[in-house]
Amino acid sequence: MTPSEVWNDALQAAALLAIDPEGLGGVCLRARAGPARDAWLDQLARLQPVRSSVRLPPGIGDERLLGGLDLASTLSAGRPVRAQGLLESASGKSLVLPMAERAAPGLAARIAAQMDRGAGFSIVLLDEGADPNEAAPDALADRCAFVVPLEEIPLSELSPRTTAATSIEPARKDIDKVTLSDDAIVQLTGIAAAFGIGSLRAPLFALRAARAAAALRGGHHVSDEDLALAARLVLTPKAMQLPMPAEDTGDEQPAPNEHNEAELDR
């Protein structure tokens, strides 16, 4: 894909995430700090006018992350007073995890557990890994619908080819009206299997992405174009293998050789 196509897909992923943030889980941004990453984050923020983001401080402790006893308030009130944790305060917002490739397994597990309980936030993993071995924890990446590579996007491609923010809110309201055919479900699950994707979340995310794409264009039924977009944005970046070629059934007739041609002449 050209840098222009990669950037366009990145912008489409931002639009779909803005429509269904909790349903799509989040995004893993593969990029160092720079103009491309900043432009993408600005785009997501622009499409989520009623949402804000919470940045996770490095080295945060469990008490600040999950909440605990507020000692000063407890002593003042004469009864136990619980302090809200950062993950609770992120409900309805985007939780941004800087240097996600360095996140400790314990931190990743705690965030993943809160997401599984329906904490109400989506996550933005800022993965600055220099090579494939440096990556965001699987426990969090698996809970993100999108993997967006921005490493090789030049400044010239960071053009305002964006979705209008005014189209996001109607799509959010209409997404529950979008229907999926059984064939669409079979198609996306089949693509996930062909790509060797073991996680069951990936095809579920692809289905939600297809519904968000349909809602964004004002449709009430997922089209083939919506399915193709969802497969490209969600499944292709998570592929572990190329699809196996179709098996030769042996039905194709061999080309005639000289002996066969002689027989036909008789």
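Averaged over its residues, segment 119-175 has an accessible area of 47 Å² per residue, based on protein heavy atoms and a 1.4 Å probe. Segment residue 64..residue 166, full-extension length gain: 33.1 nm, with 0.36 nm per residue of separation and the alpha-carbon distance subtracted.
Surface listing: 94, 156, 181 arranged by accessible area from highest to lowest gives 156, 181, 94, probe 1.4 Å.
Solvent-accessible surface (1.4 Å probe) assigned to residue 177 amounts to roughly 120 Å². Ordering of 106-118, 142-154 by packing is 142-154, 106-118, highest average first (other Cβ atoms within 10 Å, averaged per residue).
Amide H to amide H distances under 5 Å link residue 26 with 123, 145, 146, where only residues 5 or more positions off or on other chains count and H is placed in the peptide plane. For residue 52 and residue 32, the difference between the fully extended length at 0.36 nm per residue and the C-alpha to C-alpha distance is 5.0 nm. Note on residue 181 and residue 220: the extension gain reaches 12.9 nm, defined as 0.36 nm multiplied by sequence separation minus the Cα-Cα distance. The phi torsions of segment 35-43, fed into the Karplus equation with coefficients 6.51, -1.76 and 1.60 and a -60° offset, translate into couplings of x, 5, 5, 4, 5, 5, 5, 5, 5 Hz, rounded to whole numbers, with Gly and Pro shown as x. May I ask you to derive the FRET efficiency for residue 242 and residue 79 from their Cβ-Cβ distance with R0 = 51 Å, giving the value to the nearest 0.05? E between residue 242 and residue 79, to the nearest 0.05, is 0.25.
The values are calculated or read from the model by the stated rules, or taken from the named source; none is laboratory data. This structure is a prediction, so every number in the text was calculated from the model and none was measured. Cβ: placed from backbone, ideal geometry, glycine included. Neighbour counts: every protein chain shown. Areas reflect the complete protein model, heavy atoms only, side chains present, ligands, DNA and RNA absent. Shrake-Rupley method; radii C 1.70, N 1.55, O 1.52, S 1.80 Å.
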